[in-house]
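Following: one structure in structure tokens, then a few remarks.
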Amino acid sequence: MRSGHRLGRRFGWLWGAYGTSALGTWLAFGAFPLIAIQVLHAGPAEVAALSSVGAAVGAAVAVPLGPWVEFRRKRPVLIAMDLVRFAALLTVPAAYALGVLTFPQLLLVSAVVAAADITFRAASGAYVKTLLPAEDLLVANARFESTAWTTTIIGPPLGGAAIGLLGPVVTVVADAVSHLLSALGIRAMGGHEPRPERREADRMRAGDLLDGWRCILADEVLRPLFFNTALFNGLVMATQPLLAVLMLGRLGFAPWQYGLAFAAPSIGGLLGAQLARPLVTRFGQRRVLVAAGAARALWPVGLAFVGPGAGGLLLVTGVELGLIFCCGVFNPVYATCRLQLTAPGLVARTLSAWAVTAKASTALLTAAWGVLGALLGPRTAIALAGVLLLATPLLLPRRAADRSVGGVLVEE
């Protein structure tokens, strides 16, 4: 690694832009459902549709954007996606001020933002791979991960206070402005970025839409990692609404206690991200990837045993702390491995395919576990998800030959 791990001025601007938009997103966390309930008097079905349908439509829209991003300069794409999110989000407070805000508009904005999020992440990963040497990718991904958990700790409490004082529409304005500031930061990076080459005969075809999935499924390391992360993330997210029903309903926890049980453990993610590089240096990428990936699957089943009172609150906090710490170690290592193993001309399409699948699988599993929770009860459904998560380490990559990717030897 570079002395002092200096990644350069341009990465610093990109990192700052990421942190700014991430903080804005967490400030507005839960704002759309609150607006739907408080302003538009939406029912439970409409609120559920706002998150699941919006994400699913956004993922579908993002599918053709992966190939489109691949053969364009990435920095202009990043700026454009930030501006799209800024403009889309700003329509909500504008319509509210004019008294014309509707539920279909919220649904449309959530879909546009979801598609822009996926496209931004795909372009960002491709850009980072060209911006930094391969040996600095883990440091960069660890910094992104640390920033993500830091904004998770800071954003929701500040956003909650702002919502309590000024209403949820104000946090949407803050989120929109954060994307504008992110766009300005990325523009300030400067530097020359060559246009990706593409032969005339290789103009976009219908088959290009599937190139990202082909790349993933053809690779003996990416393939199991892909299924592991899609299933793990989907099952973890699917239990969150059920846990909210259990804790806030049957067990009688106050909303601030519920929020504290999930905000405080985010410190574990920050610590895990800081330890990712030292652990890889000592034990190697493959061992850390498998060990952290397996360890994170051990915790969620404990949520099925939550009870009332201080003991239940400590149980949830402890389980979330262990889970988030393991995720904090795993996420930057797996993100680095994914970038290393993806050919330069396929990065945007691969990351887009990965994100689309993650969004779709999470929406599907959340809907399925909603039905299971209604049929079996939330505690039983949470326990079932926890048991299934115990099997996800079987999907982690375990054996593969060492090989060179882009001139970098990747330990597998």
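Of note:
- Unique residue being out of contact with any Pro (no Cβ under 8 Å at 6 or more places or on another chain), open to solvent by less than 20 Å² (accessible area, probe 1.4 Å), closer than 16 Å to A116 by Cβ and assigned to a helix (DSSP H, G or I) when the list is A88, A56, A95, A60: A88
- Output for the stretch 28-70, where each listed residue is touching a Lys or Arg at 6+ places or on another chain (Cβ under 9 Å) and within 20 Å of H179 (Cβ to Cβ): A55, G58, A59, A62, V69
- Boolean, A244 is closer than 19 Å to L389 by Cβ, modelled with pLDDT under 95 and part of a helix (DSSP H, G or I): yes
- Residues satisfying the criterion are present in the stretch 186-204 (criterion: of a type outside the set (S, T, Y), assigned to a helix (DSSP H, G or I) and at pLDDT 80 or above).
- Residues of the stretch 281-336 that turn out to be part of a loop (DSSP other than H, G, I, E, B), more than 20 Å from A140 (Cα to Cα) and in contact (Cβ under 8 Å) with a residue 40 or more places away in the chain, as a count: 5
- Subset of the stretch 207-241 [at pLDDT 90 or above and open to solvent by 40 Å² or more (accessible area, probe 1.4 Å)]: W213, R214, L217, A218, E220, R223, F227, L231, N233
- Exactly one residue among R85, R143 is basic (K, R) and over 15 Å from A28 (Cβ atoms), and that residue is R143.
- Lone unmet requirement of (1) without any contact (Cβ under 8 Å) to a residue 40 or more places away in the chain; (2) in contact with a Gly (Cβ under 8 Å, 6 or more places away or on another chain) for E70: (1)
- Checked against the criterion of being touching a helix residue (DSSP H, G or I) at 6+ places or on another chain (Cβ under 7 Å) and not β-branched (V, I, T), the candidates A114, A80 yield just one match: A114.
- Qualifying residue in the stretch 105-128 (condition: in contact (Cβ under 8 Å) with a residue 60 or more places away in the chain and in a loop (DSSP other than H, G, I, E, B)): no
- Residue tally, condition open to solvent by 10 Å² or more (accessible area, probe 1.4 Å) and more than 26 Å from the chain's Cα centre (by Cα), over the stretch 294-312: 6
The values are calculated or read from the model by the stated rules, or taken from the named source; none is laboratory data. For clarity, every value in this text was computed on a predicted model and none was experimentally measured. No Cβ is skipped: glycine too gets one built from the backbone with ideal geometry, and neighbour counts run over all protein chains shown. For accessibility, only protein heavy atoms count, side chains too; no ligands or nucleic acids. Shrake-Rupley method; radii C 1.70, N 1.55, O 1.52, S 1.80 Å.
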